[in-house]
Amino acid sequence: MPFEADITIVAQALDRFYNDSISARKPVIDQKRLDQVVRDLDLEYYAKKGGLEGKKLQLFLDKYLAYNTRLHHPAYLGHQCAAPHYAAALGTFVNAFTNNVSSIYEMGPASVGMEYFLINWMLEKVGWKKAPTTLARRVKDQDFGGGVLVDGGSLANLTALIIARSALVPDVWEKGTPSNLSILLPSKGHYSLAKAAGVMGIGAEAIRFVDVDEMGAIRPDRLQRCYKRTLQEGKRPIALVANACSTAVGIYDPLDEIADFCQENALWMHVDGAHGASALLSNTYGRLLKGVEKADSLVWDAHKLLQTPSLCAALLLRDHKHLDQGLQISLDASYLFHQKQQPGFDFIHRTLETTKSGLGEKLFFVLGALGERGLGKYIDRQYGLALQAYDYINELADFECPVRPQSNILCFKIKGDSKTQMDIRQRLTDEGRYYITTVLFNGERYLRLVFMSERTTLAHIKDLIGEIRKIRLSLLKDAKEQLL
Ligand SMILES: *Cc1c(COP(=O)(O)O)cnc(C)c1O
C-alpha cells in the first residue's frame with residue numbers, strides 16, 4: 001500500500017491549498033459548470049481504470065482543489081460552515097481509516113470514549129451534570145445529563161423534538177402521533193424545525209409562532225398569550241423552541257425569561273444553539289446564553305463555530321433519561337440491545353441512525369490542539385469583528401444595518417431595492433473576490449456576512465464595501481443604458 005507516499009502527496013496539496021487560500025492568491029470561489037467539473041477531473045476514466053495514486057493522485061488533487069470553495073480565505077463570508085483547523089481534519093482522517101463507529105462500544109472504544117467525554121465536556125459548559133463514566137455509578141446515581149453527537153443540527157433538532165414528543169405522549173411509538181400536537185416557534189426559527197414537524201406527522205401548519213420583537217427575538221411578555229391561545233385551540237405543544245442564535249441575523253432569544261415561563265407551565269424548552277451555543281466558551285459572550293441551564297434540551301453544532309469539519313452536532317439533555325427512553329421502539333434489534341456485561345457505553349439507542357459515525361474525533365482533535373481557551377478566543381475574535389464591521393458600515397451614509405450583531409453574523413444593505421442586493425451578491429460571486437450571502441429579513445433583502453475565517457480583518461470589510469459601491473454604480477449605469 002503506497003500509504004505514506006500518498007499521505008505526503010495529500011498533505012502537500014492541502015498545504016498549498018491552504019496557503020493559496022489565506023494569502024488570497026486564489027479566488028475564494030470559482031464555480032465551474034458541473035459538466036466541466038465532471039470532465040476535467042477525469043472521473044469517468046478513474047472510475048473505469050482505477051490507479052488514482054502517486055503522481056496521478058497529485059495531478060488529480062491539484063485540479064480537484066482548484067475547484068474547491070475556500071473556507072479559510074479571508075474573503076469567505078458565506079455560510080455557517082467552519083474553516084476547519086487542520087487537526088480536526090486529522091481526527092476525521094484517522095477515524096475514517098480505522099472506521100470505528102460509536103453506535104456500540106465494542107466497535108470503537110476509543111471513539112465512544114471520546115464522544116462520551118465530549119458530551120460531558122459540553123454538558124458542563126451548559127451547566128448540566130456530567131454523566132458518570134462507570135456503569136455502577138450510572139445505575140446508582142440517575143440524576144445527570146446526557147447527549148449524543150449526530151450528523152448535523154437539523155437531525156439533532158428533529159431528534160430533540162421526537163424526544164420532547166415522547167415525554168408528552170409516552171405511547172407515541174406504539175400508537176402514532178396524536179392529531180392535536182403543536183410546536184411553539186419564533187418566526188425566525190430554523191427551517192429544519194418546520195421540516196421536523198413534517199417528518200413527525202405533526203405538520204408544519206400545526207406550528208404556532210410566538211411573538212417576536214423587531215430583531216426577531218422572542219418577547220417573553222407575550223408568551224402567556226400565545227400559549228393560552230394555542231391551548232384554547234385544543235392544541236398540545238410538545239415544546240417551545242428558542243434560538244441561540246437565529247440563523248438569519250444571529251440574534252439570541254432571552255433564554256432566562258423564556259425558561260422561567262416554560263418551567264411555570266411545565267412546557268419542554270428546546271434551545272436551538274446550532275450556531276451560537278459555542279459562545280458558551282467565551283468569557284465575553286457566554287452571557288448571551290444566560291438561563292440555558294434551565295432548558296430541557298440543546299443543540300450545539302461543532303461544525304459551525306468550533307473549527308470542526310462537517311458534520312458534528314451535539315444533542316444535549318439536562319436529564320439523560322429522556323434521551324435514553326425517548327427513542328424506544330419495540331422492533332427486534334435484540335442482537336444490539338441485549339443486556340451484555342460490557343465495560344463501556346452504547347450510543348445506538350440515542351440516535352435515529354444505526355451505524356453511527358465516530359464523530360468525536362472531528363471535534364476532539366481541534367479541542368486537543370487549541371484547548372478550550374483557544375476555541376474561546378476564536379469566538380471572541382469572530383464576534384468582536386462582526387461588531388467592528390457593524391460600527392464601520394452603520395456609519396456610512398449609503399449603507400444601513402437592520403440589527404446590531406450579537407454573534408459573528410452581520411446583515412446590511414446598500415441604498416437600493418432587494419434586487420440591487422441580489423445583483424450585487426451575484427456579481428461578487430461571479431468575480432470570485434468575495435463570497436457572501438443574502439437573507440430576507442422583515443420582508444427586505446439584505447446582504448449577509450458570516451465571519452468564519454480567522455484571516456478576515458476589518459480591512460477586508462472596508463475593501464468589500466468599496467467593491468459593493470463600484471458594482472452598484474456599474475449596475476446603475478447598465479440600467480440607464482438599457483433605458484436609452
Ligand atoms: C445551521 C443551523 C441549523 C441546522 O444545522 P445543520 O448542522 O446545518 O443541519 C439549525 N438551527 C440553526 C439555528 C442553525 O444555525
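The values are calculated or read from the model by the stated rules, or taken from the named source; none is laboratory data. These numbers come from a predicted model, not from an experiment. So basically every Cβ, Gly included, is an ideal-geometry build from the backbone, and we count neighbours across all protein chains shown.
Some observations on this one:
- A search for C-beta distances below 6 Å between a residue of region 81-99 that is at pLDDT 95 or above and any residue that is among the small types (Gly, Ala, Ser) and not in a loop (DSSP other than H, G, I, E, B), counting only pairs 6+ apart in sequence or on different chains, returns ALA87/ALA369.
- Selection status of LEU185, within 15 Å of the ligand (Cβ to nearest atom), at negative phi and free of Cβ contacts under 8 Å to residues at least 60 places away in the same chain: yes
- Evaluation of ASP151 against (1) surrounded by 14 or more Cβ atoms within 10 Å (Cβ to Cβ); (2) of a type in the set (D, E, K, R); (3) more than 16 Å from the ligand (Cβ to nearest atom) (one fails), failing number: (3)
- First in region 108-121 and in contact (Cβ under 8 Å) with a residue 40 or more places away in the chain and among the polar types (S, T, N, Q), second anywhere and crowded, with 24+ Cβ neighbours inside 10 Å and part of a helix (DSSP H, G or I), Cβ under 7 Å, 6 or more apart: SER111/ASN95; SER111/GLY360; SER111/GLU361
- Residues in region 257-293 that are more than 16 Å from the ligand (Cβ to nearest atom), under 23 Å from GLY360 (Cβ atoms) and assigned to a loop (DSSP other than H, G, I, E, B): SER282 only.
- Counted residues, region 204-256 - those being away from the ligand (no atom under 16 Å from the Cβ), assigned to a loop (DSSP other than H, G, I, E, B) and touching a residue at least 60 places away in the same chain (Cβ under 8 Å): 1
- Scanning region 306-322 turns up no residue that is surrounded by fewer than 16 Cβ atoms within 10 Å (Cβ to Cβ), on the phi > 0 side of the Ramachandran plot, at pLDDT 95 or above and not hydroxyl-bearing (Ser, Thr, Tyr).
- Hey, ASN408 buried (at least 20 other Cβ atoms within 10 Å of the Cβ), among the polar types (S, T, N, Q) and modelled with pLDDT of 95 or more or not: yes
- When the test is whether a residue is assigned to a helix (DSSP H, G or I), without any contact (Cβ under 8 Å) to a residue 12 or more places away in the chain and surrounded by 15 or more Cβ atoms within 10 Å (Cβ to Cβ), ALA47 does not pass it.
- Options ALA167, ALA156, ALA136; residue that is away from the ligand (no atom under 16 Å from the Cβ) and touching a residue at least 40 places away in the same chain (Cβ under 8 Å): ALA167
- Condition broken by HIS79, with the remaining ones in (1) closer than 30 Å to HIS320 by Cα; (2) within 16 Å of the ligand (Cβ to nearest atom); (3) assigned to a loop (DSSP other than H, G, I, E, B) satisfied: (1)
- When VAL94, VAL101, VAL126, VAL112 are screened for being buried (at least 19 other Cβ atoms within 10 Å of the Cβ) and either out of contact with any helix residue (DSSP H, G or I) (no Cβ under 7 Å at 6 or more places or on another chain) or farther than 27 Å from GLY276 by Cα (or both), only VAL101 passes.
- Looking only at region 173-224, residues that are small (Gly, Ala, Ser) and under 22 Å from CYS401 (Cα atoms) come to 4 in all.
- Number of residues in region 299-323 that are within 9 Å of the ligand (Cβ to nearest atom) and closer than 21 Å to LEU240 by Cβ: the value is 3.
- When restricted to residues that are closer than 20 Å to GLY384 by Cα and β-branched (Val, Ile, Thr), region 282-303 contains 1.
- Selection within region 357-386: residues that are among the hydrophobic types (A, V, I, L, M, F, W, C) and more than 12 Å from LEU118 (Cβ to Cβ). The member of this set that is surrounded by the fewest Cβ atoms within 10 Å (Cβ to Cβ) is ALA369.
- Hey, ASP296 over 12 Å from ALA160 (Cα atoms) and away from the ligand (no atom under 16 Å from the Cβ) or not: no
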